[in-house]
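Notes to accompany the following structure.
The values are calculated or read from the model by the stated rules, or taken from the named source; none is laboratory data. Predicted model only: the values in this text are computed from it and were never measured. Don't worry about glycine lacking a Cβ; one is built from the backbone with ideal geometry, like all the others, and counts go over all protein chains shown. For accessibility, only protein heavy atoms count, side chains too; no ligands or nucleic acids. Shrake-Rupley method; radii C 1.70, N 1.55, O 1.52, S 1.80 Å.
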Amino acid sequence: MPGKRKPILVILAVLVLTLPFLASLLKLNIDWHFFAETGYTEVLTTSLLAKIGCGLFFGGLLLAVLLLNLIPALRSKFPRVALTIMEGTVYQLKSDEAERLIKPVALIAAGVLALFAGNWGTLQWEKVLLYLNMLPVGSTDPILGKDIGFYLFSLPLLETLAAFFRLAVLFAIFLSAVVYFVNGGISMTPSSVNVADKVRKHLALLGGFFLLTVSAGFYLDCFKLLFSETGAIYGAGYADVTARLLAYRILAVLTPLAAILFAAGLWKARWRQALVAPAILLAVYVVGIKVYPGLLQKFKVAPNELALEMPYIEHGIKFSRLGYDLDKIETIPFDVDDKLTAADITNNDQTIKNIRLWDHAPLLRTYSQLQQIRTYYKFHDVDNDRYLVNGQYTQVMLSPRELSYNDLPSRNWINERLIFTHGNGLTFGPVSRISKEGLPEFFIKDIPAVSLADIKVTRPEIYYGEMSNDYVIVKTRVPEFSYPTATGNINTTYEGKGGVLLDSMLKRTLFAAYFRTEKILLSSDIGKESRILYYRNIVERVKTLAPFLLLDSDPYMVVRKDGKLSWIIDAYTSSGNLPYSKPISNGINYMRNSVKIVIDAYEGTPNFYISDPHDPLIKVYARIFPQLFKPMAAMQEDLRAHIRYPHQFLRIQAAMFAAYHMTDPKVFYNKENLWEIPSLGDSPMEPYYTIMKLPGEKKEEYILLLPFTPAKRDNLAAWLTARCDGADYGKLLAYTFPRDRLIYGPKQIDARINQDSVISQQLTLWGQRGSEVIRGSMLVIPIEKSLLYVQPLYLAATDKIGLPELRRVIVAYRDEVVMEETLELALRKLFGGSRSTPATTGEVGPAPAASQQSLAAEAMKSYDRAVEMQRQGNWSGYGEELRKLKQILQQMAQQ
């Protein structure tokens with residue numbers, strides 16, 4: 001029986017060793033097809049060759065180090081010494097047993113460690129490529145005078161190499177000592193440990209080499225001091241530069257001498273000499289790194305901290321602003337007055353019409369109730385963008401209608417992989433218009449897409465999205481489901497070039513093995529024209545192509561001029577190795593929004609565009625992967641019109657700018673003008689997009705805005721805005737309020753709303769009637785030199801399917817707070833006058849009276865739009881325009 005088991009055990013061992021390798025080859029083959037489909041095979045080959053090279057280098061180097069030490073240890077023969085305790089022999093290993101066991105065990109251990117090292121080495125490919133392709137940044141650190149490129153591109157690899165060699169020597173010492181112990185070169189008696197001369201000399205050399213690796217670590221620690229967290233600011237402080245830097249330099253020079261002294265002492269069996277070397281190093285380290293800097297900090301720096309730390313605070317401010325691109329923020333005084341009039345409202349009509357009354361969360365619930373159409377469709381989130389709608393620059397909310405595979409009525413392989421293959425269209429509407437029922441109005445709705453504006457969707461199918469499953473197979477003998485109608489389902493056939501052609505049995509076998517289903521191989525519905533679409537989740541798709549980029553958490557969809565749908569994802573280059581730059585929670589202290597990624601929702605074609613060509617990291621990545629990146633000028637104009645400053649990045653910049661707008665080190669140290677992002681409830685306010693006319697500008701533009709309050713105060717201190725349109729894209733402006741008078745902040749306005757007897761009574765009444773009152777985001781809207789505060793109120797049933805309806809709008813200006821059914825009525829109550837469009841239409845806009853001339857012009861525009869709708873055969877839109885025309889004519893008759 002034992003003889004029969006041996007072949008089985010051998011087969012199992014071979015399978016255990018080869019299966020991971022075969023799985024990796026299968027994954028590589030699948031990825032090769034994917035990279036070939038997207039046109040980026042050079043990206044795969046570059047990263048693959050780098051991984052193989054790094055794996056061979058680190059694995060081979062560790063194996064060479066271990067074998068170089070194990071081979072002489074294994075060849076050594078020493079007399080046996082029995083270990084005797086209490087006059088009885090309890091341990092004695094025979095020579096033949098030692099030779100039979102220790103050699104294969106030691107070699108296998110070395111091989112396994114080398115495999116682990118090689119596998120770990122493949123993970124270092126990015127550091128190696130950055131080092132080999134590095135470029136100088138052009139600015140140097142203020143302490144050691146090294147170019148910043150050294151820290152971004154060289155230091156991470158040098159630290160990795162130092163740690164690797166230190167660990168390699170430790171492994172060599174451990175394995176060699178074990179071999180010597182088993183072979184008798186190291187033996188123990190009850191009173192002593194005996195070490196043969198040959199063994200002692202071997203270990204002496206290894207000990208010396210280990211100390212040399214420690215010396216390299218001390219040298220690199222000089223640079224790591226610039227990331228210290230012990231001083232008044234992130235980065236090297238007075239005690240670090242005065243004491244620790246000198247100590248590390250002394251240790252870096254002293255340690256090689258100690259290595260020689262230690263090796264020589266151990267070589268000659270002079271134990272005192274061998275122990276003196278590490279003892280001296282330990283003493284210098286404790287005194288120079290721990291004790292003396294601590295005493296210096298306590299007795300010299302702490303009593304005179306501002307004077308001694310001032311130059312280092314300056315460094316921290318300078319490099320933190322560099323790390324988060326805060327230097328480009330232009331600070332502008334904003335002298336608030338309280339002279340806003342009805343005429344000002346009229347002059348800023350476009351701003352008023354684009355005040356966002358629909359919050360993302362309530363609108364998502366409402367869209368889900370009104371526009372999901374079927375249970376297997378789902379809206380993942382709501383995106384904010386701007387479009388030219390019927391000639392008007394309009395802020396819109398849109399949400400792609402994706403397929404939810406978890407909600408299919410019958411879940412089986414054919415349904416999930418062959419029939420239900422894609423989402424369909426999107427819901428698209430203005431941010432501020434409501435129906436009489438308090439529901440959102442739509443520019444695009446339903447399935448198939450019905451357009452009530454001049455924006456059309458010609459290719460509504462969404463094969464690649466945020467909710468897509470791992471793979472589907474298209475162009476099969478089974479018709480794909482397109483959308484439901486009252487009379488039955490409409491089917492379609494994929495006409496794109498996405499995916500991989502399943503034109504051979506080999507490909508079908510590979511994909512069947514990869515996705516662990518025999519159905520791909522056996523299904524008779526799959527033909528030679530069939531294509532398999534995988535990596536369909538757009539985030540996973542991009543991460544597979546460019547794993548070195550950080551991706552924004554909010555991809556958004558764009559309707560292009562030709563009616564096709566594309567996704568835009570913001571991507572970031574980042575590093576945690578910028579000296580003196582304060583890191584955020586994940587250790588990053590350098591970040592740029594350097595890449596805009598566009599993915600076609602139908603074919604999945606990805607394109608990477610460099611949006612910040614001045615970023616040194618993206619310059620180096622572009623050298624590594626020249627095929628991957630394109631300049632922004634190569635992006636189609638209709639897509640460039642929809643790039644926006646990323647919400648996530650401005651939130652990070654704002655969090656840093658709250659402190660680092662103070663460039664005077666004394667003011668920074670005393671936190672005299674520290675800001676914070678205001679909070680309503682438990683969460684800080686989020687940046688919000690809006691269309692408005694910035695101070696000094698002649699026309700409205702799409703911006704991202706976030707207010708600041710002074711630290712531990714509720715009044716406003718400033719507002720930060722990021723411009724998104726055209727040549728002004730990426731410009732950051734900080735408008736600061738006067739510090740000598742009170743400017744109401746969001747929390748103060750919120751308190752005044754709660755204290756208003758009329759509003760609080762109405763809110764209580766709604767709550768008692770079983771309705772859920774949802775208070776929307778508080779928006780601060782600068783108009784001319786004044787501020788409006790706007791907060792929508794939604795009502796919804798308290799059950800799970802409650803449909804949020806926008807029922808009231810609260811507007812605050814100066815000391816007045818009003819709540820009305822529409823923004824129009826609220827503005828009319830605050831500023832008087834009448835509107836060109838009655839409140840019942842749901843059109844949200846400014847409140848001043850309109851002249852006969854302006855009404856006539858508006859009537860003419862409405863008539864022209866109605867004619868255009870009639871020409872297009874859009875009878876719903878035609879009827880809507882006729883109703884608007886009637887309302888305008890009625891208003892003209894009343895004047």
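Only a single criterion out of (1) free of Cβ contacts under 8 Å to residues at least 40 places away in the same chain; (2) closer than 30 Å to Asp799 by Cβ; (3) among the acidic types (Asp, Glu) is not satisfied by Asp327, namely (2). Is there a residue in segment 139-153 that is closer than 30 Å to Asn670 by Cα, among the polar types (S, T, N, Q) and open to solvent by 30 Å² or more (accessible area, probe 1.4 Å)? Looking through segment 139-153, at least one residue is closer than 30 Å to Asn670 by Cα, among the polar types (S, T, N, Q) and open to solvent by 30 Å² or more (accessible area, probe 1.4 Å).
Each row is one residue, and each column tells you yes or no for (1) of a type in the set (A, V, I, L, M); (2) within 20 Å of the chain's Cα centre (by Cα).
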position: Glu603; (1), (2): no, no
position: Phe608; (1), (2): no, yes
position: Leu617; (1), (2): yes, yes
position: Asp638; (1), (2): no, no
position: Phe649; (1), (2): no, yes
position: Ile652; (1), (2): yes, yes
position: Thr663; (1), (2): no, no
position: Glu672; (1), (2): no, no
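What are the residue pairs meeting all of these: first residue in segment 54-78, first residue open to solvent by less than 10 Å² (accessible area, probe 1.4 Å), second residue modelled with pLDDT under 95 and part of a loop (DSSP other than H, G, I, E, B), Cβ atoms under 6 Å, and 6 or more apart or on different chains? Once the first residue is open to solvent by less than 10 Å² (accessible area, probe 1.4 Å) and sits in segment 54-78, its partners that are modelled with pLDDT under 95 and part of a loop (DSSP other than H, G, I, E, B) give Ser76/Gly185. Only one entry in Thr458, Thr493, Thr485 is more than 37 Å from the chain's Cα centre (by Cα), within 30 Å of Phe443 (Cβ to Cβ) and of a type in the set (Val, Ile, Thr), namely Thr485. Taking residues in segment 133-150 that are within 14 Å of Leu245 (Cα to Cα), and partners anywhere that are part of a loop (DSSP other than H, G, I, E, B), the pairs with Cβ atoms closer than 7 Å and at least 6 places apart or on different chains are Ile143/Ala236. In summary, Thr509 fulfils each of the numbered conditions (1) open to solvent by less than 50 Å² (accessible area, probe 1.4 Å); (2) outside any loop (DSSP other than H, G, I, E, B); (3) closer than 23 Å to Ala36 by Cβ with the single exception of condition (1).
For segment 553-568, state whether one or more residues are more than 25 Å from Tyr689 (Cα to Cα) and hydrophobic (A, V, I, L, M, F, W, C). No; the residues of segment 553-568 include none that is more than 25 Å from Tyr689 (Cα to Cα) and hydrophobic (A, V, I, L, M, F, W, C).
How about segment 625-646: which of its residues are open to solvent by 50 Å² or more (accessible area, probe 1.4 Å) and of a type outside the set (S, T, N, Q)?
Of segment 625-646, the ones open to solvent by 50 Å² or more (accessible area, probe 1.4 Å) are 626-627, 630-631, 633-634, 636-637, 640-641.
Result: Pro626, Lys630, Pro631, Ala633, Ala634, Glu637, Arg640, Ala641.
What residue, among those in segment 362-372 that are among the aliphatic types (A, V, I, L, M) and in contact (Cβ under 8 Å) with a residue 40 or more places away in the chain, is surrounded by the most Cβ atoms within 10 Å (Cβ to Cβ)? Step by step, filter segment 362-372, then rank; the result is Leu363.
Please verify whether segment 649-657 includes one or more residues that are out of contact with any Cys (no Cβ under 8 Å at 6 or more places or on another chain) and free of Cβ contacts under 8 Å to residues at least 60 places away in the same chain. Give the steps one after another, and end with the answer.
Quick first cut of segment 649-657, residues out of contact with any Cys (no Cβ under 8 Å at 6 or more places or on another chain) only: 649-657.
Filter once more, keeping what is free of Cβ contacts under 8 Å to residues at least 60 places away in the same chain: 651.
Scanning segment 649-657 turns up at least one residue that is out of contact with any Cys (no Cβ under 8 Å at 6 or more places or on another chain) and free of Cβ contacts under 8 Å to residues at least 60 places away in the same chain.
Which of the helices (runs of 4 or more DSSP H) found entirely inside segment 237-330 contain at least 2 residues meeting this: among the hydroxyl-bearing types (Ser, Thr, Tyr) and within 40 Å of the chain's Cα centre (by Cα)? Can you show your working first?
Numbers: elements: 245-267, 271-285, 292-296, 305-323.
Hits in segment 237-330: 305-323.
Counting only strands (runs of 3 or more DSSP E) wholly contained in segment 729-816, the ones carrying 1 or more residues that are open to solvent by less than 40 Å² (accessible area, probe 1.4 Å) and farther than 24 Å from His360 by Cβ occupy 732-736, 786-797, 805-813. Arg644 falls short on exactly one of the conditions (1) in a loop (DSSP other than H, G, I, E, B); (2) touching an Asp or Glu at 6+ places or on another chain (Cβ under 8 Å); (3) farther than 23 Å from Glu701 by Cα, and that condition is (3).
Flag not set for Leu225, criterion: over 30 Å from Thr160 (Cα atoms), touching a Lys or Arg at 6+ places or on another chain (Cβ under 8 Å) and either open to solvent by less than 30 Å² (accessible area, probe 1.4 Å) or in contact (Cβ under 8 Å) with a residue 12 or more places away in the chain (or both).
What about Lys712, is it in a loop (DSSP other than H, G, I, E, B) and farther than 26 Å from Gly587 by Cα? For Lys712, the condition - in a loop (DSSP other than H, G, I, E, B) and farther than 26 Å from Gly587 by Cα - is met.
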